[in-house]
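Report on the structure given below.
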Amino acid sequence: MDQVSIVEFRPEHAKELVRMWRGSFEFGVGVTDPHPLEEQEQYLNAVVIPGNAIRVALCDGHMAGFVAASAFSVSQLYVRTGLHRRGIGSRLLEWAREQSCGSLWLYTFAQNAGARAFYERHGFKIVARGFEPNWKLEDLRYEWVSQEMSIGQRAFRPGESA
C-alpha cells in the first residue's frame with residue numbers, strides 16, 4: 001500500500017476536499033448532487049469546520065480521504081473513489097475514536113451499502129432509522145461505544161441529562 005499520512009485540515013485543502021467528497025458521496029449513495037461545488041464549499045466553511053476537528057488522509061501527497069468529527073459524532077467521513085478497502089477510512093475512523101469521549105454517533109444513507117458495511121465492521125450498531133428530507137432518502141443512525149464505556153458507563157451529549 002502507498003504511504004498514508006493523516007494531517008490536520010488546512011484552508012488550502014478545501015477545494016480539493018470538496019471535489020473528492022462530492023465524488024465519493026455520489027458513488028456511495030448512487031445519486032447526482034445538484035448543488036454547485038461552491039455551495040458545498042460554503043457548507044464546509046460555515047457548518048462542518050466550526051463544529052468539528054478535521055483530518056485529511058494524504059496518500060503519496062495526494063488527498064485520499066477526510067474525516068470531520070467532534071468528541072461525540074462523526075459528521076463526515078469519505079474516501080476517494082477508487083481508494084476504498086486500503087485502510088484509509090479505518091485510519092480516519094481510528095483518529096475520530098481516539099479523540100472521542102468514548103462513544104460516537106453518525107448518520108449514513110440506508111442505500112449506501114459500502115458505508116454501512118464499513119461502519120458495521122468497525123463496531124457501529126444501527127440505533128434508529130429515519131428519513132432525510134433534503135435528499136428524500138432513508139437514513140440510519142449508528143452508534144459506537146468503546147469497550148470501557150460499554151461496561152456500565154455512557155457518554156452524555158451536551159444538554160442531555162442522565
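Numbers below:
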{"quantity": "Cβ-based exposure ranking for Trp95, Trp21, Trp144, Trp135, in which fewest neighbours within 10 Å come first", "calculated": "Trp135, Trp95, Trp144, Trp21"}
{"quantity": "Potential lengthening between Gln3 and Glu148 on full extension [0.36 nm per residue; Cα-Cα distance subtracted]", "calculated": "49.0 nm"}
{"quantity": "Rough spin-label spacing in nm, given labels placed 7 Å along Cα→Cβ, for Gln42 and Ala128", "calculated": "2.9"}
{"quantity": "DSSP bridge orientation in the chain - percent antiparallel, rounded to nearest 5", "calculated": "95"}
{"quantity": "Sorted by Cβ density within 10 Å, fewest first, the residues Cys101, Cys59", "calculated": "Cys101, Cys59"}
{"quantity": "Per residue convex hull volume, Cα atoms of the chain, in Å³", "calculated": "122"}
{"quantity": "Where labels lie 7 Å past Cα in the beta-carbon direction, separation of Arg10 and Glu138 in nm", "calculated": "4.4"}
{"quantity": "Candidates Asn134, Asn52, Asn112: whichever shows maximal mean-square fluctuation once the chain is modelled as a Gaussian network with Cα springs under 10 Å", "calculated": "Asn134"}
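Only the coordinates and a few stated rules stand behind these numbers; no lab work does. Predicted model only: the values in this text are computed from it and were never measured. FYI the Cβ positions are ideal-geometry reconstructions off the backbone, even for glycines, and counts take in every protein chain you see.
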